[in-house]
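Enquirer: The structure that follows is given in the form of structure tokens.
No lab work stands behind these numbers, since they all come straight from the coordinates. Worth saying up front: this structure is predicted, and the values here are computed from it rather than measured. Positions of Cβ are backbone-derived with ideal geometry, glycine not excepted, and every protein chain shown enters the neighbour counts.
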Amino acid sequence: MDLKGRTAIVTGAARGIGRGIALKLADAGANVALVDLGSPGDPSLTYNLAAQTDLNRTVEEVKARGVKAIPILADVTRLADCTRMAAEAGDKLGGIDILVNNAGVISIGAVVDFAEEAWDRVMAVNAKGPFLCAKACIPHIAKRGAGAIVNIASVAGKTGHATLSAYCTSKFAVIGFTQSLAEELGPANIRVNAVCPGFLRTAMWTDVLNPVVGQMYGVNREAAFDEIIARNTFLRREQTPDDIGDAVVYLCRADNITGESINVAGGGELH
Ligand SMILES: NC(=O)c1ccc[n+]([C@@H]2O[C@H](COP(=O)([O-])OP(=O)(O)OC[C@H]3O[C@@H](n4cnc5c(N)ncnc54)[C@H](O)[C@@H]3O)[C@@H](O)[C@H]2O)c1
């Protein structure tokens, strides 16, 4: 699929990996609807999500690539928001060809101490969000006769880890959803794949995981991330939002690939 002039929705696009995906899709010529919450405070999480100013700044960066870009405020855990998101992107950008389900949250802790609200929120954003966004966008994409959905899962969707049970469970779910939807939408010529990022220096690591891993290894936050990279990747280097954006663009273009979950992890996960 040639991406020039196509329309893509990217959720969680204000910052981090979503921002990288939106910029790479723009470089490939796609117009982009950038979706995010617009309110950083979530009482069930221990770190801040993106603000509306982050979203607006990223929209300007995408526009500077010479494509159309619009911001949409939506919570991917609410069907009404997802339906409005799809309608607005379709109206303002002339249809929908691509959906990238990237919005995600993390919470860490042993199961015995883990708050039920935190479990519910992680599952709602990471696992239910892609379902609701797909449900809202599929009728629009189907009208085009072809399209692509890319879900951002994780290497944590391939192997479970202590203190990450909610996050890992949600990402395993994303991979199962990807395979199921790929079979369901194959006859409609809509391909569904997942990218499983490895280790990126975004808020999930800098604000949540690094302090915990640092304590575990007896080093400071920054050294903790470097230690994880050294121990877990064949290539001994971290991944970047550009790396994930490149993989998303590849999967959007790859006309005979569906149902796959591709690791972009420098060798940090092999199955
Ligand atoms: N950082 C990593 O190492 C890593 C590794 C594997 C997978 N991932 C996945 O990549 C995706 C992006 O994560 P990131 O690392 O860029 O983190 P991030 O926190 O920087 O970005 C997540 C974005 O999602 C938005 N968001 C959260 N809840 C939302 C909701 N309910 N509705 C709409 N938007 C919402 C946030 O505001 C934020 O802009 C997530 O799905 C994450 O699980 C990250």
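Enquirer: Cut-off under 15 Å on the C-alpha distance; same-chain residues fewer than 8 positions from LYS24 excluded. Which aspartates and glutamates are left, in chain and number order?
Expert: Within reach: ASP2, GLU60, GLU61, ASP242, ASP243, ASP246.
Enquirer: Follow-up. Through the Karplus equation 6.51 cos²θ - 1.76 cosθ + 1.60, θ set to phi - 60°, convert the phi angles of the range 132-148 into ³J(HN,Hα) values in whole Hz; use x for Gly and Pro.
Expert: 5, 5, 5, 3, 6, 8, 3, x, 5, 5, 4, 4, 7, x, 6, x, 9
Enquirer: Just to be sure I follow the definition: excluding the sites themselves, where is the longest run in the chain that has none of the trypsin sites (Lys or Arg not before Pro) in a DSSP loop with at most 12 other Cβ atoms within 10 Å?
Expert: 5-142
Enquirer: How large are Rg and Dmax for the range 199-238 when only the alpha carbon atoms are used, in Å?
Expert: 9.3, 25
Enquirer: Relative contact order of the chain: what whole-number percent is it, with Cα pairs under 8 angstrom and at least 6 residues apart?
Expert: Dividing the mean separation by the residue count of the chain yields 20 percent.
Enquirer: A further question on this structure: How far, in degrees from 0 to 90, does helix 79-93 lean away from the longest principal axis of the Cα atoms of the chain, to the nearest 10?
Expert: 50
Enquirer: For n ≥ 4 DSSP H runs only, could you compute -39500 (n - 2.57) per run for the chain, divide by its residues and tell me the 222 nm figure to the nearest 500?
Expert: Here the helix-only value at 222 nm equals -13500 deg cm²/dmol.
Enquirer: About the Cα centre of the range 136-237, what is the dipole size in debye to 20, counting +1 per Lys and Arg Cβ and -1 per Asp and Glu Cβ, all else neutral?
Expert: That gives the range 136-237 a dipole magnitude of about 240 debye.
Enquirer: Percent relative contact order of the range 22-93, based on C-alpha pairs within less than 8 angstrom and at least six residues apart?
Expert: Averaging sequence separation for qualifying contacts and normalising by length gives 35 percent for the range 22-93.
Enquirer: Let me ask something else. Can you tell me, using C-alpha contacts under 8 Å and at least 6 residues apart, the relative contact order of the range 1-137 as a whole percent?
Expert: Taking the mean separation of contacting Cα pairs over the length of the range 1-137, I get 27 percent.
Enquirer: How far is helix 16-27 tilted, in degrees, relative to the longest principal axis of the Cα atoms in the chain, given as a value from 0 to 90 rounded to the nearest 10?
Expert: Result, in degrees: 30.
Enquirer: Given bins 5 angstrom wide, list per bin the percent of all Cα-Cα distances in the chain, short to long.
Expert: Going from the shortest bin to the longest, the percentages are 1, 6, 13, 18, 21, 17, 12, 7, 3, 1, 0, 0.
Enquirer: Something else about it: Quick check on my link table: of LYS4/LYS158; LYS92/LYS158; LYS68/LYS143; LYS63/LYS128; LYS4/LYS143; LYS92/LYS128, which ones sit more than 28 Å apart, alpha carbon to alpha carbon?
Expert: LYS4/LYS158; LYS92/LYS158; LYS63/LYS128
Enquirer: Give the long-range amide H neighbours of VAL264: residues separated by 5 or more places, or on another chain, with amide H under 5 Å away, using H modelled in the peptide plane at 1.01 Å from N.
Expert: Amide H neighbours of VAL264: CYS196, GLY198.
Enquirer: Also, I was wondering about something else. Taking the Cα-to-Cβ direction at ALA230 and at VAL112 and moving 7 Å from each Cα, how far apart do the two end points lie in nm?
Expert: 3.3
Enquirer: A further question on this structure: Using only Cα atoms, tell me the angle between helix 52-63 and the longest principal axis of the chain; keep it within 0 to 90° and round to the nearest 10.
Expert: 50
Enquirer: Compute the Cα gyration tensor for the range 1-153, then decide on rounded, prolate or oblate, letting a ≥ b ≥ c be the square roots of its eigenvalues: rounded whenever a/c is under 1.5, prolate when a/b is larger than b/c in the other cases, and oblate in all that remain.
Expert: prolate
Enquirer: Along the Cα→Cβ direction, 7 angstrom out, place labels at ASN220 and THR83. What is the inter-label distance in nm?
Expert: Rounded to a tenth, the inter-label distance reads 5.2 nm.
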